[in-house]
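Read through the structure below, which is laid out as structure tokens, and then see the notes.
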Amino acid sequence: MKTDVQLPAATDLKKPRPKKAPELPILERRNWLIHLHYIRKDYETCKAIIKEQLHETQGMCEYAVYVQALIMRLEGKIQQSLELFQSCAILNPKSSDNLKQVARSLFLLGKHKAAIEVYNEAARLNQKDWEISHNLGVCYIYTKDFRSAEEQLNLALQLNKHDLTYMMLGKIHLLQGDTEKAIDVYKSAVEYVSIHNLTFKHTCFILYTMLLGKYQKAFEHLGNALTYDPNNFKAILAAGSMMQTHGDYDVAMNKYRVAAYSVPESPPLWNNIGMCFFGKKKYVAAISCLKRANYLSPFDWKILYNLGLVHLTMQQYASAFHFLSAAINLRPRMSELYMLLAVALTNLDDADNARRSYEQAVQLDESNLLVNLNFAVFLYNQGDKKAALLQFQEMERKVNTQVDSNINTEFDPELVEMAQKLGAALQAGENLYWSKPGKDSKSSQRSSSSKPSSSQQPLGTNQALGQAMSSAAGYSKSMQITAGAEPLSPSTSCHLHRSVHPNLQSQIFRCLFEWCIILM
Amino acid sequence: AVRCSALEWSGCYRNEEIASSKWLDAHYDPVANLYTFSSCIALSDLHGDGENKLVVGDLGTGVCNVKLKVYRGTGVLSESTLLDLPTGLVSFLMDLHEPRTPAIAVASGPFIYVYKNLRPYFKFTLPSLEVNPLEQDVWSQAKEDMIDPMTLKEMLEGLRDKAEIPLSVRSLRFLMLEPQEMENFVLLHKEQPIRRQTVITCIGMLKKNMADEDAVSCLVIGTENGDVYILDPEAFTILYKMSLPSSPTLMDVTGQFDVEFRITVACRNGNIYILRRDSPKPKYCIELSSHPVGLVRMGKNVVVGCTHETLHGYTQKGKKLWTAYLPAPVTAMALMDLPTRGFQAVLVGLANCEVHMYRDKNLISTIKTPDVVTSICFGRYGREDGTLIMTTKGGGLIVKILKRTAVFDDRDSAPGPPIAQSIRLNVPKKTKLYVDQTLRERENAVAMHRAFQMDLSRLRLAAARAYVKALESSLTPMSASLTEPLKMNAVVQGLGPSFKLTLNIQNTASCRPVMNLAISFLYDENLYSMRTAFFKIPLLVPGLNYPIDTFVECLSDKGISDIIKVFVLREGKSAPLLTAHINMPVSEGLALN
């Protein structure tokens, strides 16, 4: 291996000897330096070296072009980077890596079909690449071809059990509404993924248990995940919203403080903080926070929904009307929104529109008892006993189907109480679930236990509101005739109270999924 | 060069740092002008006098001024020019001769330059790679003048796209040339044999057959095309060759060549491969989720710093042990080894001007630096065992000495509950006015709602009326007629009293041209005058923009302005197709009499 002394390339170029041919510099001689700067994120120096190297090799140095393209992509110049990757692929048509990057750039540009083609080409060069199969699967998700996506992701899992693939596969099943398959995926993810990736394992476990409806377990794991990474914004939001659902407003607020410090301009965060204040009956603060959330994300119907709810509680019906109608414009197919709008309209003395709004709500609704109950109460107060009875029977039907299919056997005590009162007034409802003697013992206990609780004001109940409601013309009068001295106020407070929940739960789901995806 | 003494420099940190610091600031030269990486720094007893020197392969400006510098104490002992950028540098004992002075091996391009007593001693060149036989054939034909340069070019291009073995530099260079340069190039090069070279990307060393501190060591080198060679320390012959699927970037070697060894190599494809004595192929592979920036062996485990601001610990079989999250990207890593105290830790230089010291996944100490650290080296310098040497991005050189009283807690000093938890939420405050308005709304909600609905209906009515009126009188900037779909906008230029009025007219129909149009202006003749207040416009081809200029003179010097109305008319119809109202600006100039 001993060789004669030769001058190295760099100096050779400058003073070529007359007879001997100059030693040609090796094209790849600066690759290591480019790589060193690239991984240290020193992009300016890196670009300078690349420029020099490309000048020396007249653009033939594949690695220099490759890194330049990577840097451009980081700088957001995706189209230019795509062109550079394509020239890399011309310089070295055998490398599946170059094709993978071309496809990746196409993917980032939103050209999913083109990306799929290039990935397929890359897959021909390299059969056993986890990354290609995985990314193909992701592309297929975007083109809504879930079957191919599933196929590719399963292929990726066979090659290498990566966390990300499990996540994506679970997502496909959820997108298709196939919860059971999603549960299977998360279950196997929990089994296969190495113990070292604790945060991921927790994520999977949380999803798995949540899908099974075991919120308590999911919550424990969320807590565990937070001990590993106490500043994770998404996890905080998810944990906080769960605490909030269970009424732990102070603990939730503690968590949100951490989140607000790191991400001060998050609409979901301010929405949840606002609802915490609402739960603690600090209505002005709640409105302040919700309005901030609304300012940050004006087209989020959930925030508008909550604003409508808080304003209803504050008896600011005119404002509530505006927030609710804005929410309906953004999400025109949600029955609860129409119901709340109808409540606002009732209080604004616009019975005709309130009725129309209730009709819309009933038409859109599938399983919410409150919609029918509130409509029935409204109709009853309007003096339309016949229609009220119809709504009441519709509610009965829903109760029975829910009980029969065992979806829900525990009903909100306030709702039960109201329904019983209305049933008595309408002389109906004897065959309802909670009034049947066989099963009565438990529910009657519940409703009796709910009586002291109604005196100690359950969440969202507002005595002032109740009074305002009962002072509406013809309202208390009719009730006094039929149901005795009891005013009907709990009904309104009851539906206000209940409607907090569906909203918060949907918020939790959203946070968790985003959180999982961010984690990857 | 400006040099600050330890005392001067420590001034900026005195207040908060010095008291609790575990380090003495021995030397800081912010303008040492060093551009280097951890792989190009070594501490070595070059003269065998028991005093360690600092050897730095300085990349200079990245193009020229490339030097091998040797520091002793706070000053440069010697400098020698290197011919090309150094990729790595090691200090090793190559023989058993007395006195036992180590040699310095500098890897640079395809060569290793070996220095002994700071004098050039030997140069090793990487073996040539296999040349494509077809390429050889083509060139030998060219040598015999059997084919002309253009044919040569075509044949080589064909080879480049298909061949398993890549082309040599000569062919690639040839393919870059302009046709007129080809002839000369072939003449110049055809006599030379074709060679395919690669370059060294990393270098390490491996004890030959003894584990002693002063045992003879082999050089281990990694090359751009993914090979790893182990060289004989004296003869510089290749003892062993292994190959990797990608170019190596970082290397850690342990064991003895004759007994058992383990080479851990981080590669450019983001994987780490572990090579062992018994197999020329990697034994284990660690797939990382991001590129490795630093690789350090601590005892039997490997610690890897990655670009995703993480630090991972792996066993020597590639099993993941732990992950620590870093606050900033990694810039440099090194092992801190104090055998006398039985203490080992990993030093991680971060882009936020800090150096973190990790023991497993626990952060045990943090050092603040005046600049981002680009290379770290810990060891014996001079006669001091615990010396930390760092170079910075700005070219500075920092030397710190570990205090003998310094004790490192093995506890994790990462913070417990986040501090942010006690920071008050910034909830927007509401004013008294807001509360008053709320009360007003509560009392008058129905009336407010009705008033609002009424006004909303009125607004809609007014808007609808205005719209109908605009449509009826063609006041819109877009014509509503189906036969002449036109668009117009107007621009006024100038300060006055003369203004230039440009009307941009466009026919928005898909294919039909519009003919027989005229433009007329209506204005206050006491205020403005126009040369032509009525003219015809040419045929309008669909899609094109027709700018039509005309000049307006302002007659008033009282600083008042008015509206000029523009009508686009069709011959034979009195109702305009389009109307535009131009708000004229106030004339700022005075008319010359």
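Numbers for the structure displayed
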item: Inter-chain Cβ neighbour average for residues B:507-518, partner chain, 10 Å; result: 0
item: Note, ³J(HN,Hα) from phi for the stretch B:554-567, Karplus 6.51, -1.76, 1.60, rounded to Hz, x at Gly and Pro; result: 8, 9, 9, 10, 8, x, 10, 9, 9, 9, 10, 9, 10, 10
item: Protection-proxy order for peptides A:352-361, A:395-404, each taking the mean of Cβ atoms within 10 Å per residue, highest first; result: A:352-361, A:395-404
item: Karplus-derived HN-Hα couplings along the stretch B:243-258 (A = 6.51, B = -1.76, C = 1.60, θ = phi - 60°), whole Hz, x at Gly and Pro; result: 10, 10, x, 8, 6, x, 10, 10, 9, 9, 10, 9, x, 10, 4, 7
item: Estimated distance in nm for a label pair at B:Met150 and A:Arg356, the labels positioned 7 Å out from Cα along Cα-to-Cβ; result: 8.2 nm
item: Out-of-range pairs (alpha-carbon distance over 23 Å; input A:Lys302/A:Lys385; A:Lys41/B:Lys281; A:Lys47/B:Lys123; A:Lys47/B:Lys361; A:Lys144/A:Lys171; B:Lys53/B:Lys400); result: A:Lys302/A:Lys385; A:Lys41/B:Lys281; A:Lys47/B:Lys123; A:Lys47/B:Lys361
item: C-alpha long axis of helix B:133-143 to longest principal axis of chain B, angle in °; result: 80 degrees
item: Label point distance in nm, B:Arg512-A:Lys77, each placed 7 Å from Cα along Cα→Cβ; result: 4.8 nm
item: Prolate/oblate/rounded call for the stretch B:288-433, Cα gyration tensor, a/c under 1.5 rounded; result: prolate
item: Residue-wise HN-Hα coupling along the stretch A:74-82, computed from phi with Karplus coefficients 6.51, -1.76, 1.60 (Hz; x: Gly, Pro); result: 5, 7, x, 8, 6, 4, 5, 5, 4
item: Cβ-based exposure ranking for A:Trp301, A:Trp270, in which fewest neighbours within 10 Å come first; result: A:Trp301, A:Trp270
item: Two-site FRET efficiency, A:Gln127 against B:Leu456, from Cβ-Cβ distance with R₀ of 60 Å, rounded to 0.05; result: 0.35
item: Projected label distance in nm at B:Ala463 and B:Leu177, using a 7 Å step from Cα toward the beta-carbon; result: 7.4 nm
item: Cβ-based exposure ranking for A:Ser87, B:Ser39, B:Ser457, in which fewest neighbours within 10 Å come first; result: B:Ser457, A:Ser87, B:Ser39
item: Sites A:Asp178 and B:Asp278 - FRET efficiency at Förster radius 45 Å, r taken between beta-carbons, to 0.05; result: 0.35
item: Peptide A:33-46, shielding by other chains (average Cβ, 10 Å cutoff); result: 5
item: Trypsin sites (Lys or Arg not before Pro) lying in DSSP loop within the stretch B:187-226, provided at most 15 other Cβ fall within 10 Å; result: B:Arg195
item: Ranked B:Thr198, A:Thr143, criterion: other C-beta atoms within 10 Å, fewest first; result: A:Thr143, B:Thr198
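Every number in this text was worked out from the coordinates using simple rules, so none of it is lab data. The model shown is predicted, which means the values in this text are computed figures rather than measured ones. All Cβ positions, even for glycine, are placed from backbone atoms using ideal geometry, and neighbour counts span all protein chains on display.
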